[in-house]
Amino acid sequence: MKKKIHKLLIANRGEIALRLIRACKELGIISVVVHSEADKDGVWVKKADQSIEMKGHPVQVYLDYENIIVVAKQHRCDAVHPGYGFLSENAEFAKACEKNGLTFVGPKAEHIALFGDKIASKEKMKEIGVPVIEGTTTPVYDVQEAMEVAQRIGYPVIIKAAYGGGGRGMRIVESEEGFASAFENARAEAEKYFGNGDLFVEKYIRNPRHIEVQIIADKYGNVVHLGERDCSIQRRHQKVIEISPSPRLNQETRKELFRIAQKAIYKLGYESVGTIEFLVDEDDEIYFIEMNTRIQVEHPVTEITTGVDLIQRMIQIAEGDKLQFLQEEISFRGYAIEFRINAEDPQKEFMPSFGTIGEYLTPGGPGVRLDSGIYSGYTIPPHYDSMVAKLIVWALDWEGVIKKAQRALDEYYIDGIKTNIALHKAVLGNEEFQKGCFTTNFLNTMTEDFA
Ligand code: ADP
């Protein structure tokens, strides 16, 4: 069952590609990067042991898994890591890798497929004892039928895309009046972005916190949780800041979240890293929303508070290694916050702001980690996500981590493009945030100036 990885193909780009290269270097694995022509100047392309340019559409080349497998075999790779986004949650890709003798660094294809479908996975989780939000249990195609469900569960409701992600294809509906148009809009958005218009309706939870549990599991049934992350600071249902641990979560609720997550993963027979996402309402009720079967953008905050290198362990689990630690051996230290640094213009509704980086001065010092895909003189290609770096800070206590973050963000100077750094500073300056009082509505209601 053990199969050592010697040469790993990285089917991704940007900061996560660099993060994967770093893990490979430390594990003594040769890293191979495939990239588009538009990405030829990427820092990860320069730092990989080997880089191969793929001809074609700048986005499609990262999705063309048949070609990626051909390249992997040509270059004698024995494994593929998909990172996040792109092919990371494509069960067909995972299957095709294994069929071609390549180790897919991630969970089993059956679990990727199950959790890609938000309706089926909700039903499955309910079946194994995880609390879920009341709503439709199969896709609803008919507006009338969907409205009847909304009536039954009571407004407000949220309409969601079965195969959705990135906060897209979601509509909150306060009353019957706006339902039909919201439903049609959600369907059109879901079809456009996910190629599938299947929708479901569930109760809209007012003012929840988004709390997720990081899980790591090997092929032998050993399951360990690595604590929670609070990802309530969101814009348009997309995470902007992630924190571990959640500053105001009571200990009972925290324990319950860990218990639910660990048990579910064990029952599923899931392996690799994974994240179970929950909403926690004002009465500390817990509801499962979805599970991500990949390494997540926000994994560094967990790495910092636990000292566990998630990428390296993920690779070793794929090689067939047993988990090297028991739950009791995991301890949590201090607070870590991650700030997603996006190339966006706050004065233009956070529209992407691509361009060439001029002067680039990065923060450093104790407790500061920067996972970045940019450098001075680098032109950010316009075809991809606007997140260009992640600033992660750590301190022993909550007050300290806020001060550290303010200092680090002050040190971060990026000329040539617009960024959301001022937004991060405004959040840190907010009194409610400083008290640890925030829900997923925080950014919608924040009045500080950050343009
Ligand atoms: P995606 O896969 O697009 O990220 P999620 O299901 O993970 O979608 O939800 C993203 C965010 O949307 C959540 O963190 C939360 O802020 C909001 N959300 C989703 N479902 C609900 C709900 N039933 N009630 C309230 N907010 C919700």
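Read the figures in this text as sums done on the coordinates, not as results from a lab. Because the structure is predicted, anything quoted here is derived from the model rather than measured. Glycine gets a Cβ as well: all are built from the backbone with ideal geometry, and neighbour counts include every protein chain shown.
Going down the list Lys4/Lys73; Lys118/Lys192; Lys3/Lys55; Lys95/Lys118; Lys118/Lys267, which pairs span over 22 Å between their C-alpha atoms? The pairs that break the limit, which is 22 Å between Cα atoms, are Lys3/Lys55. Treating r as the C-beta distance of Met1 and Glu411 and R0 as 56 Å, the FRET efficiency rounds to 0.75. Entry note, the chain: the mean residue ellipticity at 222 nm calculated from DSSP H runs of n ≥ 4, each adding -39500 (n - 2.57), is -9500 deg cm²/dmol after division by the residues and rounding to the nearest 500. Treating only the Cβ atoms of Lys and Arg (+1) and Asp and Glu (-1) as charged, compute the dipole magnitude of region 296-451 about its Cα centre; round to the nearest 20 debye. Dipole size: approximately 100 debye.
Could you tell me which of rounded, prolate or oblate describes region 363-451, using a ≥ b ≥ c as the square roots of the eigenvalues of the alpha-carbon gyration tensor, with rounded for a/c under 1.5 and, failing that, prolate when a/b is larger than b/c and oblate otherwise? Oblate shape, in that a/c is at least 1.5 and b/c is the bigger or equal ratio. Sparsely packed loop sites in region 289-352 (the trypsin sites (Lys or Arg not before Pro) outside DSSP H, G, I, E and B with at most 16 other Cβ atoms within 10 Å) comprise Lys322, Arg333.
Think of each Lys and Arg Cβ as +1 and each Asp and Glu Cβ as -1; about the Cα centre, that makes the dipole of the chain roughly 1480 debye. When peptides 252-258, 404-410, 282-288, 5-11 are ranked by their average number of other Cβ atoms within 10 Å per residue, the highest-first order is 5-11, 404-410, 252-258, 282-288. Here the chain carries DSSP beta bridges of which approximately 80% are antiparallel, counting only pairs with both residues inside. Evaluated over region 337-451, the count of Lys pairs having alpha-carbon atoms less than 19 Å apart is 11 (only pairs 8 or more residues apart or interchain). Could you give the nm distance between label points at Ile330 and Glu127, where each point is 7 Å from its Cα heading toward the beta carbon? Roughly 2.6 nm, to one decimal.
Working from Cα pairs under 8 Å separated by at least six residues, relative contact order for the chain is 14 percent. Each peptide among 149-157, 51-59 gets the average number of other Cβ atoms lying within 10 Å of its residues, and from highest to lowest they stand as 149-157, 51-59.
In terms of packing, defined here as the mean over residues of other Cβ atoms within 10 angstrom, the peptides 296-308, 174-186, 16-28 line up highest first as 296-308, 16-28, 174-186.
Does the chain come out rounded, prolate or oblate by the C-alpha gyration tensor, with a ≥ b ≥ c the root eigenvalues, rounded set by a/c under 1.5 and, if not, prolate when a/b is larger than b/c and oblate if not? Because its axes are fairly even, with a/c under 1.5, the chain counts as rounded. Summing charges over neighbours of Gly135, with a neighbour being any other residue whose Cβ is under 14 Å away from its Cβ, gives 0 when K and R count +1 and D and E count -1. Considering only Ser181, Ala146, Tyr163, the residue lying farthest towards the positive end of the dipole of region 137-188 is Tyr163, judged by Cα position with unit charges set on Cβ.
On full extension, the segment bounded by Glu285 and Arg259 gains 7.9 nm, given 0.36 nm per residue less the C-alpha separation.
Counting Lys and Arg as +1 and Asp and Glu as -1, what is the net charge of the other residues whose Cβ lies under 13 Å from the Cβ of Val61?
-2
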